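Peer 1: The following block contains the structure, expressed as structure tokens.
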Amino acid sequence: MSELGALLCPAGLNWANTEIRTKLVSCQMQVSGNQWPIFLYANYNYNQEDPWNGLL
């Protein structure tokens, strides 16, 4: 599940961070519709300055 969770984690969030992971799994942290999962980005690279770069 760890690898799947990392791929489904919204870009810009760090799945390796235990606090973030716990909040996402327990639904304490809500993910907005404009936060795409990291697997949709080329080479799993997300650029906060240009979030459309590499998407799909």
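Every read-out reported here was derived from the displayed coordinates using simple, explicitly stated rules and does not represent laboratory data. What you are looking at is a predicted structure, and each value in this text was computed from that prediction instead of being measured.
Peer 1: For every helix of n ≥ 4 consecutive DSSP H residues, a contribution of -39,500 (n - 2.57) applies; sum these over the chain, divide by its total residues, and give [θ] at 222 nm rounded to the nearest 500 deg cm²/dmol.
Peer 2: Numbers: 2 runs with 15 residues, N = 56.
Only helices count here, giving -7000 deg cm²/dmol.
Peer 1: Given bins 10 angstrom wide, list per bin the percent of all Cα-Cα distances in the chain, short to long.
Peer 2: Per 10 Å bin, starting at zero, the Cα-Cα P(r) for the chain comes out as 25, 55, 20, 0 percent.
Peer 1: Given an 8 Å cut-off on Cα distances and at least 6 residues of separation, report the relative contact order of the range 1-53 as a percent. Walk me through the numbers before you get to the answer.
Peer 2: On the way: 37 pairs, mean separation 19.5, N = 53.
Here the relative contact order equals 37 percent.
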